[in-house]
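Right, one structure below, let's go through it.
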Amino acid sequence: MTTLQTVFAKAKADNRAALVGYLPAGFPSKGGDVAAAAALVEAGCDVIEIGLPYSDPLMDGPTIQDAVHRSLTNGTRIADVMRTVEGVAATGAATLVMTYWNPIDKYGADRFARDLANAGGVGTITPDLTPEESEPWREASAAAGIDTVFLVAPSSTEPRIKAVVDCCTGFVYAASLMGVTGARETVNVAAEGLVKRTKAHTDLPVCVGLGVGTGAQAAEVAAYADGVIVGSAFIRRILDAPDEAAGRESIGVLARDMAKGVRR
Amino acid sequence: MTAADLAGNGAYGDDPDVHGKFGIFGGRYVPEALIPALDEVAATYEKAKNDAEFLREFDHLLRTYAGRPTTLTEVPRFSEQAGGARIILKREDLTHTGAHKINNVLGQALLTKRLGKKRVIAETGAGQHGVATATAAALLGLECVIYMGAVDCERQALNVARMKLLGATVVPVKNGSQTLKDAINEAFRDWVTNVDTTHYLFGTVAGPHPFPEIVRDFARIIGVEARRQMLELTGKLPDAVCAAVGGGSNAIGIFHAFIGDQDVKLHGYEAAGHGLESGEHALTLTAGSVGVLHGSRTYVLQDDEGQTIESHSISAGLDYPGVGPEHAWLKDSGRATYHGVTDDQAMAAFSLLARTEGIIPAIESSHALAGALELGRELGPEATILVNLSGRGDKDMGTAMKYFNL
């Protein structure tokens, strides 16, 4: 199994940033999700985040909301998410689950961590779980041997950054901007400062997400971050494609561009 | 208005802990980006609630603008249907804008000024919180954007027009169930994007800490007045206090001043919609389970994997699958009891109050009225029941016209 530690060590040895791609489970279809993620891996993504579709994704913009809504309408359940993780992990990419807290809470933290580890998942990203509320999840994750990733934001104070990075094991997710997910024209200038501030508190890799949509933007972010996270831009291409095969091809093209970007 | 009126004195041990927890309920489950803003709101409120100038200003607005104190009204002809129990209404429908929502909104609008912010956003279901927010924004010169589910926009068209007239921008939300739950999600998305300039003027006692505490404190005036007025009117405290519960702001508003009075039973009435068995209801406390929604741990209507189940009620104001964490705590501690009232029961009480007393209540409040009728029959003619008439029914006339074929 590829771990986050091996991915970031290898990227560092290659003097480049890692490329992290996000897709929700069950999107564009059950089964089609693994194929889409595999296309991202083949095109150069080192890490895949599988989104757990949730009814109330309050940090997501319209593109991810649309994809998640389709996935839920298709009847995606947590068992499907685990199957998707298993399929994606088999491609050799380090595979995480990105999820709001309530589905884990309801499923049972220990059970979720164990099932995720058994499926080959290496960790989770939990965008609405604060350090104050995170202890049960960190304990369950540690017991199952999976990593925990939490978010810092441009608004985070130094004590908050310290509190968040102290809860992270795999990497730290730096939200590039104050806002929701979705590709933007430019990557916010706050991102670089946030990465710098975060690195002052930790030796963990720091990855930047929110708003990255092109190879040029990936290159720009890779100049100061250890990883570049892309989600909405891939999903937009799948949504705009006439069929799943065309969608896979389209995200492959974009991912290759991004992969070049992180190597510049 | 004193600091004790505003926030109680903590004597009941019912304030949340430093993390905003009422027992296991409450807390903060939000993106990290919002934490500094929540901290700022909490710190500003802590200062304000002990600041004589803030209390004076709030009190002044409540008296000269909102129309407080609101009166108590005894409803003997209505009470005849309740086995003769003595039913007394707390008339929040007589406030400016016609509902209890104005109390919280004036407090938070003053807080917005102290935060140095010029823009407020709010979510609304029935439109009363939206109207109240737009009103306070107009009064204090704040830019105002209201998020409202597209379905609610349709069934509460009159309130949409009122908000627009008051200068607010109304954004119909077309995601999910297109009701209050989705309006809250959208308002959070706005807040996380514009938090530097914007205060999220949260409308009920739900959401991340410190909103459940702040909204409760600003609504607490209802119970503070009612407790004093009951003693003046009847010489004793009521046997029971009844209120409708959606998110729970009017109920906490009237309950809170009575929490220390163990002999006063507290009864909350949720929307049972078409009935529990139909699956179309908003029985969060009665039939929900513990989970996290909109930034807070509380009772939630959810499936076995934590996906929110859409609620239903004839009342847009009660059509919400979550509830404030303090209600969850009051339920689990046994201090308050929560029941369901169906659409039909609520509409029967709505009609009864109109015909017997000449008061057209909000459909939300009609749930509490229906509950009081039943409770009165149970407790008998010696009992005195205080009901929070949280709002008036003007906004619900479209629904009533359809329901009664008027």
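Listed values, structure above:
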{"quantity": "Residue that is nearest to B:W191 (Cα to Cα), among those in the range A:165-178 that are in contact with a helix residue (DSSP H, G or I) (Cβ under 8 Å, 6 or more places away or on another chain) and in contact (Cβ under 8 Å) with a residue 40 or more places away in the chain", "calculated": "A:S176"}
{"quantity": "Residue match in the range B:226-237 (condition: without any contact (Cβ under 8 Å) to a residue 12 or more places away in the chain, open to solvent by 10 Å² or more (accessible area, probe 1.4 Å), closer than 24 Å to B:K181 by Cα and touching a Leu at 6+ places or on another chain (Cβ under 9 Å))", "calculated": "no"}
{"quantity": "Hits in the range B:172-190 (condition: modelled with pLDDT of 90 or more, under 22 Å from A:L210 (Cβ atoms) and open to solvent by 20 Å² or more (accessible area, probe 1.4 Å))", "calculated": "B:E186"}
{"quantity": "All positions within the range B:323-346 that are out of contact with any helix residue (DSSP H, G or I) (no Cβ under 6 Å at 6 or more places or on another chain), in a loop (DSSP other than H, G, I, E, B) and in contact (Cβ under 8 Å) with a residue 24 or more places away in the chain", "calculated": "B:R335"}
{"quantity": "Number of positions in the range B:130-188 that are within 14 Å of another protein chain (Cβ to nearest Cβ), over 19 Å from B:R119 (Cβ atoms) and hydrophobic (A, V, I, L, M, F, W, C)", "calculated": "1"}
{"quantity": "Residue match in the range B:67-74 (condition: open to solvent by less than 60 Å² (accessible area, probe 1.4 Å) and more than 30 Å from B:K47 (Cα to Cα))", "calculated": "yes"}
{"quantity": "Qualifying residue in the range A:65-79 (condition: more than 14 Å from chain B (Cβ to nearest Cβ), modelled with pLDDT of 95 or more and either in contact with a strand residue (DSSP E or B) (Cβ under 8 Å, 6 or more places away or on another chain) or at positive phi (or both))", "calculated": "no"}
{"quantity": "The listed residue being crowded, with 23+ Cβ neighbours inside 10 Å, part of a loop (DSSP other than H, G, I, E, B), among the aliphatic types (A, V, I, L, M) and within 14 Å of another protein chain (Cβ to nearest Cβ), out of B:V41, B:V30, B:V18", "calculated": "B:V30"}
{"quantity": "Scope the range A:126-160; condition open to solvent by 60 Å² or more (accessible area, probe 1.4 Å), assigned to a helix (DSSP H, G or I) and over 16 Å from A:T202 (Cβ atoms); matching residues", "calculated": "A:E132, A:E135, A:P136, A:E139, A:A142, A:A143"}
{"quantity": "Residue within the range B:191-207 that is assigned to a helix (DSSP H, G or I), open to solvent by 20 Å² or more (accessible area, probe 1.4 Å), closer than 24 Å to A:G182 by Cβ and in contact (Cβ under 8 Å) with a residue 24 or more places away in the chain present", "calculated": "yes"}
{"quantity": "For B:S315: the one exception among (1) open to solvent by 10 Å² or more (accessible area, probe 1.4 Å); (2) among the small types (G, A, S); (3) modelled with pLDDT under 95", "calculated": "(1)"}
{"quantity": "Residue, nearest to the other protein chains (Cβ to nearest Cβ), within the range A:166-189, restricted to residues that are over 12 Å from A:G209 (Cα atoms) and either aliphatic (A, V, I, L, M) or open to solvent by 20 Å² or more (accessible area, probe 1.4 Å) (or both)", "calculated": "A:D166"}
{"quantity": "The one condition in (1) modelled with pLDDT under 95; (2) in a helix (DSSP H, G or I); (3) within 14 Å of chain B (Cβ to nearest Cβ) that A:A163 fails to fulfil", "calculated": "(1)"}
{"quantity": "Residue in the range A:97-104 that is buried (at least 24 other Cβ atoms within 10 Å of the Cβ) and away from chain B (no Cβ under 14 Å) present", "calculated": "no"}
{"quantity": "Residues being among the small types (G, A, S), within 20 Å of B:R189 (Cβ to Cβ) and surrounded by fewer than 22 Cβ atoms within 10 Å (Cβ to Cβ) - total across the range A:16-67", "calculated": "1"}
{"quantity": "Selected residue (criterion: farthest from the other protein chains (Cβ to nearest Cβ)) from residues of the range B:292-316 that are in contact (Cβ under 8 Å) with a residue 40 or more places away in the chain and assigned to a loop (DSSP other than H, G, I, E, B)", "calculated": "B:I314"}
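The values are calculated or read from the model by the stated rules, or taken from the named source; none is laboratory data. Since this is a predicted model, take the numbers as computed values, not measurements. With ideal geometry, Cβ positions are generated from the backbone for all residues, glycine too; neighbour counts draw on all protein chains shown. Surface areas here come from the heavy atoms of the whole protein model, side chains and all, with no ligands, DNA or RNA. Shrake-Rupley method; radii C 1.70, N 1.55, O 1.52, S 1.80 Å.
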